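J.: To start, I am sharing the structure in question, which I have written as structure tokens.
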Amino acid sequence: LRFTLTHFNNKHRETYTSALHSISKKTLSIMAKHHPDLVMCRKQPGVAIGRLCEKCDGKCVICDSFVNPRALVHICDECNYGSFEGRCVVCGGPGVTDAYYCRECTQLGKDRDGCPKIVNLGATKTDLFYERKKYGFKKR
């Protein structure tokens, strides 16, 4: 097994590194950690404080970790306007608690990258919507 993994790593190392170099730095900074298809707003944050729903409560907005909440999340005025006011920064549900960045993201300066509000649904939620529509399931 070790020989196979080593052989695979040596064979594909050049392809992997060239693919990483082709991705721009900006693209890497606008993706959520565990969901590469989610895009963050990244505009200049205002005075509005980000909120999290019960499902996302305690998560770091950037890296999804549950440890060492450090800095309060500020979002831009456009992401906190109208019906979006008080909504969850990650999933858009009704906000219950304030959102925080974890210690690691604060030390790495990721809390200064702009508004962390997720602006698109993502492929998983979109697929779920169309599957429910296809089979006629209603949300309870």
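The values are calculated or read from the model by the stated rules, or taken from the named source; none is laboratory data. As the structure is a prediction and not an experimental result, all values here were calculated from the model. Positions of Cβ are backbone-derived with ideal geometry, glycine not excepted, and every protein chain shown enters the neighbour counts. Just so you know, the surface numbers come from the protein's heavy atoms only, side chains and all, with ligands and any DNA or RNA stripped out. Shrake-Rupley method; radii C 1.70, N 1.55, O 1.52, S 1.80 Å.
J.: Among the residues of region 25-73 satisfying the criterion of being modelled with pLDDT under 75 and within 17 Å of THR124 (Cα to Cα), which is least open to solvent (accessible area, probe 1.4 Å)?
T.: ALA32
J.: State whether one or more residues within region 82-91 are assigned to a strand (DSSP E or B), out of contact with any Leu (no Cβ under 9 Å at 6 or more places or on another chain), within 16 Å of ASP111 (Cα to Cα) and open to solvent by 50 Å² or more (accessible area, probe 1.4 Å).
T.: No, there is no match, as no residue in region 82-91 is assigned to a strand (DSSP E or B), out of contact with any Leu (no Cβ under 9 Å at 6 or more places or on another chain), within 16 Å of ASP111 (Cα to Cα) and open to solvent by 50 Å² or more (accessible area, probe 1.4 Å).
J.: With TYR101, TYR130 as the choices, which residue is among the aromatic types (Phe, Trp, Tyr) and in contact with a strand residue (DSSP E or B) (Cβ under 6 Å, 6 or more places away or on another chain)?
T.: On inspection, the qualifying residue turns out to be TYR101.
J.: Which ones in region 95-133 are open to solvent by less than 90 Å² (accessible area, probe 1.4 Å), over 15 Å from ILE75 (Cβ atoms) and of a type in the set (S, T, N, Q)?
T.: Selection gives THR106, ASN120, THR126.
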